[in-house]
Amino acid sequence: MIGEILNIAFITGLIGATMRMATPIIFATIGEILVERSGVLNLGIEGIMLMGAMTGFLVTFISGSLWVGVLAAALVGMILALLMAFLSVFLGLSQHVSGLGITLFSSGLAMFIYRLHFGSPVIPPIVQPFTQVAIPLLSKIPVIGPGLFDQYMLTYIALLLIPLISIILYKTKIGLKIRTVGENPLAADTVGVNVNLTRTLCLVAGGALMGTGGAFLTLAHQNMFLIDVIGGRGWVSIAMVIFGNWDPLKGALGAIIFGFLDGLQLRLQGLGFRVAFDIFLMIPYLLTIVVLVGVSRKASVPAGLLKPYRREEKGG
Amino acid sequence: MISIRIVKREPLPGWARILIPIAAIIVTLILSAIPILIAGGKLWKSYYFLFYGALGTRFNLLETFVKASPLIFTGLAVAFAFRAKFWNIGAEGQLLAGALAATWAGIYFTGVPGFMLLPIVMISGFLAGGLWASIPAILKTKLRVDDVVSTLLLNYVMIHIMGALLFGPLQQPGSSWPRSSEIIEAAKYPMLLSKSRFHLGIPLAFIAVLIILFINKKTIFGYQSKAVGVNIKAAHFGGINTTSVILLTALISGGLAGLAGVGELCAIQYRLIKDISPGYGYSGIVIAMLGNLHPVGVLFSSLFFSVIIVGAQTMSRMTGVPYYIAEVIQGMALMVMLVFLLFTEFRIRVLRK
């Protein structure tokens, strides 16, 4: 038994599965970090991912092009994020409740549109999914090469987003504006930064990433759309933001750890281990909670999070 | 240049607070025309079957009450927790915990006298839901773990605990499906009206509304729970033990959700299955908001939602509009209500510069 686990093919497979399962969480976590750094908690994430998953699948099914599907998923994520911005930024409603509203609305809408187009088929329709792209030379490295460098294009994009968003947040003027808006909106406003516009743009950019993360699940990880395709991955991403202390690199690391547990569960099942399936599925969620217990005490939440920004206004 | 600002307004009179949810429901129903038309449904025919399906016959009307029962329980659960700003998004998991405990008691407690079994089953379900909700409450108060995230994640943990048990110790002997044996007769809710599924859980839900109303208005704990929700720091300095208030709030909130699970098990399914709840816990969030976190508001918004859920089945059958329109309408109702609530406190000002 131990021999089966420790052989090289298993480890290579596990690394590959880890990165695959981490990809949607990396997209969503980085998107959410961008949004939360500007001072908005987007609990619409789970629903936006589901709409992304459905839209990506549907548009690919119709157009025949996977990348058109991905773009459509990102676009739908942006539109739903705009709705979130209208409720939570422009109107200044409770971010908790607006976000949950977006999730409930989008989840219903995703199923509604899917049924509208496909009816209730006995066998779910499928698309030809993305195939892995091996990077020359790197993918030939023993053990880790085939796992890390023979992956989906979207996985590479997710990995590239980690340094990209880090640089934007910490090294550019735009990033400074975003962080100031998230920490001290009044100060940002005083120096001429448009607080609500900045938050809206961050929401929209984050929404695109969440939608793309959802599309990965129906266009690469699987080739069909099922109602529970997201299965709480949006909520896990919210947890990863806290785990990563609002830092893209640490958040992505959390996503990869989650991906590892998810991948391990898949691989062990593949080997036909007679372990209760559900207990394995439970572990990533349980460990996420345990990890939150560990990090929550020293979490450095953006000071402006959850607070809508309204300029002081006299009645008359 | 014209700029739009949102500014504070004078407080609205009491009657407006009652009219607002009604107006929100009307606006939602009007907005529902958009997805109906997109789905190619004929507008008046669709609305007709929506309401006929929910209210048109004795059986349909009673079915609407049957659906309302779990929604009232989960709506109350969420409203009671939100009032104390304990963000319990975990009513779904607590419902399952309640159903799980009730299954266990309903199958194995064969030794107790018949008339005592049902109360035991209900108490087990209440406690299971309450204890499951107290985990995030303890994590929040003792370890500062965000309650939104922990309650959400615990839903998935409970789904998988239930799955593991249904494929393991609780699985019906000889069955290959993830389902339990049937609970014994004495553990089932009595049916109260002939030729319908109108069961004990429906009056119980109405009683629960009254009990929560009483707790909120007439007890010290109800006052303390609200004080914690309004301003936890002030409540603490005012001498309220905020930790135990949040814990007790969570226990009651989770218990109510657990009772929703008991009802679905003991009156509808009679055996535990994975799909015992089609998301009642999540609907409870919308219902609580639509009801403005008030128990009577929860009652009416649950009834509105069950009209939509039951009516949408008939509408879907008669017009071909997908059944999931019910969920779209629920989501829209929440957002419309949010916007309406905002304008009880604020108004839009257009400024010309």
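Values in this text are rule-based calculations from the coordinates and carry no lab data. For clarity, every value in this text was computed on a predicted model and none was experimentally measured. Cβ atoms come from the backbone with ideal geometry, glycine included; neighbour counts cover every protein chain shown.
Give the peptides A:128-139, B:139-150 in descending order of average Cβ contacts within 10 Å, highest first.
Most protected by this proxy first, the peptides run B:139-150, A:128-139.
Size of the dipole of chain A about the Cα centre, Lys and Arg at +1 and Asp and Glu at -1 on the beta carbon, nothing else charged, in debye to 20?
Roughly 540 debye, rounded to the nearest 20.
So for chain B, averaging the separation of alpha carbon pairs under 8 Å that are six or more residues apart and normalising by length, what relative contact order in percent results?
Relative contact order for chain B comes out at 38 percent.
Report the Cα centroid-to-centroid distance between the stretch B:162-206 and the stretch B:48-117 in angstrom, as an integer.
The distance from the Cα centre of the stretch B:162-206 to that of the stretch B:48-117 comes to 12 Å.
Ranked highest first by the average count of other Cβ atoms within 10 Å around their residues, in what order do B:199-210, B:217-228, A:234-245, B:296-307 fall?
So the order, starting with the most tightly packed, is A:234-245, B:296-307, B:199-210, B:217-228.
Looking at chain A, identify the longest residue range that excludes and avoids all GluC sites (Glu not before Pro) in DSSP loops having at most 15 other Cβ atoms within 10 Å.
A:1-311
Summarise the partner chain shielding of B:34-45 as one whole number: the mean count of Cβ atoms from other chains within 10 Å of each residue's Cβ.
So the per-residue partner count for this stretch is 1.
Which of the three applies to the stretch B:3-106, rounded, prolate or oblate, going by the alpha-carbon gyration tensor with a ≥ b ≥ c and a/c under 1.5 meaning rounded?
oblate
Evaluate peptide B:158-168: per residue, the Cβ atoms of other protein chains within 10 Å of its Cβ; return the mean as an integer.
4
May I ask which residue of B:Y156, B:A137, B:P113 lies farthest towards the positive end of the charge dipole of the stretch B:74-170, with charges of +1 (Lys, Arg) and -1 (Asp, Glu) on Cβ and the Cα centre as origin?
B:A137
Quick check on chain A: helices-only [θ] at 222 nm, where DSSP H runs of length 4 and up contribute -39,500 (n - 2.57) each and the sum goes over total residues. Nearest 500, please.
-22500 deg cm²/dmol
In terms of the Cα gyration tensor, with a ≥ b ≥ c the square roots of its eigenvalues, is the stretch B:2-352 rounded because a/c is under 1.5, prolate because a/b exceeds b/c, or oblate?
The shape class here is oblate.
Kindly provide log₁₀ I(q)/I(0) values, in the same order as q = 0.06, 0.11, 0.13, 0.15 Å⁻¹, from the Debye equation applied to equal alpha-carbon scatterers of the stretch A:7-298.
After summing over all Cα pairs, the log10 values are -0.19, -0.64, -0.89, -1.17.
Roughly how big is chain B's charge dipole about its Cα centre, with Cβ charges of +1 (Lys, Arg) and -1 (Asp, Glu), in debye to the nearest 20?
Roughly 1220 debye, rounded to the nearest 20.
Which whole number gives the average, over all residues in B:337-347, of C-beta atoms from other chains lying within 10 Å of the residue C-beta?
3
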